[in-house]
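Colleague: Could you have a look at this structure, given as structure tokens, before my questions?
The values are calculated or read from the model by the stated rules, or taken from the named source; none is laboratory data. Only a predicted model underlies this, so the values are computations on that prediction, with no experimental measurement involved. Ideal geometry is used to build each Cβ from the backbone, glycine not excepted, and the neighbour counts take in all protein chains shown. To get the accessible areas, we keep the full protein, side chains included, count just its heavy atoms, and leave off ligands, DNA and RNA. Shrake-Rupley method; radii C 1.70, N 1.55, O 1.52, S 1.80 Å.
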Amino acid sequence: MTDIQLNTGELWELAGERHYLEQVMGGGFLLFRSERTSAPFQIELDSGERVTPTMNWLKDEFLEGNVRRLDRPPAKSRLTRLTMDREDDYHAIIKRDPYAAVRHIVLNSLDQLPGLSLSDKGIRRALATIWANKQQHLKGHKPPSPTAVRQWLKTRGEPGFRPLRTAQSMRGQGPRIPRLPDAVVELMKEAAAAYWSNPRETIASARDLLGEAVTTINRGQEEAPLKLPSKEAFRLFVHEQERYDTVAAKWGKKEADARFKPCGKGLVASRPLLLGAMDHTLLDVFVVVDVKGWRLLGRPTLTALIDVHSRCILSWVLSFEPPSLYSVTECIKRANRPKAATRERFPDRPELADIFGKFDEIVVDNGWEFTGTSVESALTDLGISIRWAPVRSPTYKAVIERFFGTLNSLLNKKLPGGTIPIEQMRAWELDPSKDAILTLAQVEALLTSAIGIYHQELHSTLGDAPLHIWTKGVRDHGVQVIGDDAQLDKMVGAHEERTLSRSGVSLFDLQFHEPAVTGPLLEKLAGRTPRKSRRKGSATAKVTVKYNPANFGEAHVWDPTTGQYETLPCTDPDYASGLSKWLHQQIQQWERESQAIDEEGRRDRRLELRREIEAAAPEHLLKRNRRTAARLLSPPHVEASARQHLRVAHADPRHDGMAPVISTAALAPERTDGHAKPVRPPRGRKAKAPSRTRTVTAAPPAYEDFPTIRDDSAGWEEFQ
């Protein structure tokens, strides 16, 4: 049996601590003692008994890599201990201290020279020999002084044990020796504790407390006064105290966990579509739409679904309302289908459009849109499980959070305000030099382009492009899909009561109709509708309609005879496909506003036309029309009577602004028409029909017998 060659005094790392070998005892037992406590090292057997380790145990642990020997003799200097505790490689040492290679060559060469004299003359002679033999390695460097060489030989390792680590410069790398008095250091600790214990405390105010304490101490002593540390020295001291407990005391446990708590393994999936992650984010861009004039929609919310294995984005939904159950279901539906927009944007990469499928499990947060029983039961029926992330743990879904950061950086590369009038942006109180402003069509196209580019670029974590990882995975496992993803809208969609007619269903001023579906459905349901609720001349039926508020492309009508929903597409698919309820209602509101403006414009145009007609009419017709209008407003004989009895008087002004009462003449007590009888028949009840026995003695007067109304033009002209 071959044993490891051991020497007394060797330093080993056992169970994460340093132990030195004190003795190799009989029977293969090894006595190790802790370098820190000098306690003997023991191992624990399965029975719980603790015994001294043996050579066989040491070989087994060495085989597993659980123990290692620290190949170095006991350090004779503090500098050697500092350099040997470091594990820097060659490149790190040379980058920090290029002269370390020169020291290393000089030290090892001097150790190999027999009879080396440590005098200045002997060292210079030895250095000249070294520079002549190793000119290619020492080119560009000057020989060191004999004093420096003697210091190197004493403090940088031992003959035969001078690794490159011992030759590196440790300036600024070791622990600093405090230069302040112990009393000042203690006061600095108290001031730092005051800063870390109070969320409202600042470093400047904490230093004020330190200055007050130093001043108080200096007043009571006659010796050399204590010196207040500089602002920078105190700031560095405070930041050195930053640890988990200090951060938790100042800003809470959540902030301390975010800074210091180790992250878990993270989400892992062995193949595509095994595990997905869904989340929402508010894009850093303002969106406008041009519907009969620029309209500001605001900052949109993006809902995205990512594949954990390949980091590919299977779907995304853009909305201008808070995240909802409907945006979640729409995102899952879009993930289940190939991407037509991506195929049009990247015709040379058709594989980008084939990133689709059904997940086995989706990780979501604890938002209300995810925690409802309706979405859980609906996805379970489709074979999709939901996993809820821990509360207040955004790092649990770091894969999609990191993607949102990448996507925002890609979107912000678009020049802000490139196509929007500056005057309109000022009306919205937006700064074109700071705020990114795009149209809705631009954002849709930009998202498609950004996600397509993201799929083809190298992913820092995967070491490959997400598209390549996806292609390899689906080639081996295939793509699973939801056979009928419209079931999601039927399960969790919003519902309305509407009337089904020969032209389909009208919903929010949109028509949903398909002749092949509407006709048979109407035949089955019209007879079940009460006659009082039917329309005359056309068959109708009261039905329940379900729809997805995130997509008005189709609606689903409930058929109680079969217990199923029948799907009716929108008759205007170019407008309704992908259109949300919120945006549709906004467009309707804008159209109503524009119609009100148009009504005023139509009235102005009608008045303008009337003025043009009057200007083109003969003068005598206009004059007659004005006389007729004046006569209708006030007859001329009334105006003439009013002129006869009207007197005008002026009151003298007074200091209080009140004029004396002016006597007025009452209206004429007598009628001015000469008690002429009216020419029209009197009003009142109709006369009773004459009895059969009554004899009519006179016939009613003819139309020509009534007096004629004259147009007193002279009186009107006099009034004018």
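Colleague: Once the convex hull of the C-alpha atoms of region 206-281 is built, how many Å³ does it hold per residue, rounded to a whole number?
Modeller: Values: hull volume 12.6 nm³, N = 76.
Taking the convex hull of the Cα positions in region 206-281, it is 166 Å³ per residue.
Colleague: Ignoring ligands and nucleic acids, what accessible area does Arg162 show with a 1.4 Å probe (Å², nearest 10)?
Modeller: In the full protein context, Arg162 sits at about 10 Å².
Colleague: Oh, and also: Compute the distribution of all C-alpha to C-alpha distances in region 296-349, in bins of 5 Å from 0, and list the percent of pairs in each, rounded to whole numbers.
Modeller: Calculated P(r), rounded to whole percents: 4, 18, 22, 22, 19, 10, 4, 1.
Colleague: Solvent-accessible area of Lys134, probe 1.4 Å, all protein chains present, reported in Å² to the nearest ten, please.
Modeller: Near enough 80 Å² of accessible area.
Colleague: What share of all Cα pairs of region 129-265, in percent, falls into each consecutive 10 Å distance bin?
Modeller: Each 10 Å bin holds this share of Cα pairs: 9, 24, 19, 16, 18, 11, 2.
Colleague: Return the sequence-ordered ³J(HN,Hα) values of region 460-477 in whole Hz as given by the Karplus equation 6.51 cos²θ - 1.76 cosθ + 1.60 applied to θ = phi - 60°, using x for Gly and Pro.
Modeller: 5, 7, 6, x, 7, 6, x, 4, 5, 4, 5, 4, 5, x, 6, 5, 8, 10
Colleague: Another question about this same structure. Once phi is turned into θ = phi - 60°, what whole-Hz ³J(HN,Hα) does the Karplus curve with 6.51, -1.76 and 1.60 give for every residue of region 214-219, x standing for Gly and Pro?
Modeller: 5, 5, 4, 5, 5, 5
Colleague: What is the local net charge at Val545, summed over the other residues whose Cβ is closer than 15 Å to its Cβ (Lys, Arg +1; Asp, Glu -1)? If you can, show how the numbers build up before the last one.
Modeller: Working: positive: Lys490, Arg498, Lys542, Lys546, Lys581; negative: Asp489, Glu496, Glu497, Asp509, Glu514, Glu554, Asp559, Glu566.
Counting the neighbours of Val545, the net charge comes to -3.
Colleague: Translational D (Stokes-Einstein, µm²/s) of region 309-399 at 25 °C and 0.890 mPa s when Rh comes from the Kirkwood sum over C-alpha pairs?
Modeller: Details: Rh = 14.6 Å.
Once the numbers are plugged in, D ends up at 168 µm²/s.
Colleague: With a 10 Å radius around each residue's Cβ, average the other Cβ atoms per peptide and rank 107-117, 323-333, highest first. Numbers along the way, then the final one.
Modeller: Working: 107-117: 13.2, 323-333: 23.5.
Packing order, densest peptide first, comes out as 323-333, 107-117.
Colleague: Still on this structure, I have one more. Considering every pair of different Cα atoms, what Kirkwood radius, in Å, is found for region 1-48?
Modeller: Values: mean 1/r = 0.0855 Å⁻¹.
Its Kirkwood hydrodynamic radius stands at 11.7 Å.
Colleague: Kindly write out, for region 25-40 in residue order, the coupling ³J(HN,Hα) from the Karplus curve 6.51 cos²θ - 1.76 cosθ + 1.60 (θ = phi - 60°), rounded to whole Hz, with x marking Gly and Pro.
Modeller: 8, x, x, x, 7, 10, 9, 9, 10, 5, 5, 8, 10, 6, 7, x
Colleague: Here is a follow-up. Taking H placed 1.01 Å from N in the peptide plane, check which residues at least 5 places from Ile482 or on another chain put their amide H under 5 Å from its amide H.
Modeller: When sequence neighbours closer than 5 places are left aside, the close amide H contacts are Lys358.
Colleague: Using only alpha carbon pairs under 8 Å that are at least six residues apart, calculate the relative contact order of region 1-160 and give it in whole percent. Numbers along the way, then the final one.
Modeller: Numbers: 155 pairs, mean separation 27.0, N = 160.
Dividing the mean separation by the residue count of region 1-160 yields 17 percent.
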